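Peer 1: After the structure tokens below, expect a handful of questions from me.
Derivation of every value follows stated rules applied to the coordinates shown; laboratory data play no part. This one's a predicted model, so the numbers in the text were calculated from it and none came from an experiment. FYI the Cβ positions are ideal-geometry reconstructions off the backbone, even for glycines, and counts take in every protein chain you see.
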Amino acid sequence: MQAEALGIDAAAFKRMMPPEAGAPDGAPDGTPPDVLEVLPANTNAAWLFLTCSSQWRVAGMSGQPMGLDMGAVATIARARDIPLDADTLDRLLVIEREALRLMQKAVA
């Protein structure tokens with residue numbers, strides 16, 4: 001699914017990412033770098049995750065991300081009319097867990 005289908009300006013999103021995030025020439029399968037493929041069942045969780053990109057809780061002075069601020073997530077979900085049901089929350093938590101794993105790996 002293209003980023004635009006999620007209401008995301010792909011060029012703007014790409015500019016927000018650090019240079020090391022993602023292959024500049026696209027994925028090994030030839031997917032262009034401005035395309036974000038999301039399974040239909042994950043659309044709400046992916047959109048919510050992307051719109052909550054500034055809502056990370058961090059640990060003290062280290063700034064190590066601990067997880068998304070779920071109060072802010074709920075507020076953003078309401079504001080964007082994204083249903084925050086159990087299924088969407090479970091899918092969001094999977095995305096959050098993987099994002100944390102990748103961020104911790106980048107620091108190590």
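Peer 1: Taking the Cα centre of the stretch 40-108 as origin, work out the dipole magnitude from +1 charges on Lys and Arg Cβ and -1 charges on Asp and Glu Cβ, in debye rounded to 20.
Peer 2: Numbers: 7 positive and 7 negative charges, 48 e Å.
That gives the stretch 40-108 a dipole magnitude of about 220 debye.
Peer 1: Using a 10 Å cut-off on Cβ atoms, rank the peptides 73-79, 41-47 from the highest mean neighbour count down.
Peer 2: Numbers: 73-79: 15.4, 41-47: 18.7.
With the highest mean Cβ count within 10 Å placed first, the list reads 41-47, 73-79.
Peer 1: Quick one: P(r) of the stretch 35-90 from all Cα-Cα pairs, 5 Å bins, percents rounded to integers, in order of increasing distance.
Peer 2: The calculated distribution, bin by bin, is 4, 19, 27, 21, 16, 9, 4, 1.
Peer 1: Amide H of Q64 versus every other amide H placed in the peptide plane: which residues, excluding those fewer than 5 positions away on the same chain, fall under 5 Å?
Peer 2: Placed amide hydrogens put A59 under 5 Å from Q64.
Peer 1: First obtain the Kirkwood hydrodynamic radius of the stretch 65-108 from its Cα pairs, then insert it into the Stokes-Einstein equation at 10 °C and 1.306 mPa s, and state the resulting D in µm² per second as a whole number.
Peer 2: 140 µm²/s
Peer 1: Subtract the Cα-Cα distance of A106 and A41 from 0.36 nm times their separation in residues, and report this length gain in nm to one decimal.
Peer 2: Length gained between A106 and A41: 20.6 nm.
Peer 1: Additional query: Quick one: compute the contact order of the stretch 40-108, relative version, from alpha carbon pairs under 8 angstrom and 6+ residues apart, as a percent.
Peer 2: Here the relative contact order equals 37 percent.
Peer 1: May I ask which residue of L93, A45, V58 lies farthest towards the positive end of the charge dipole of the stretch 40-108, with charges of +1 (Lys, Arg) and -1 (Asp, Glu) on Cβ and the Cα centre as origin?
Peer 2: Sorting the options by dipole projection puts first V58.
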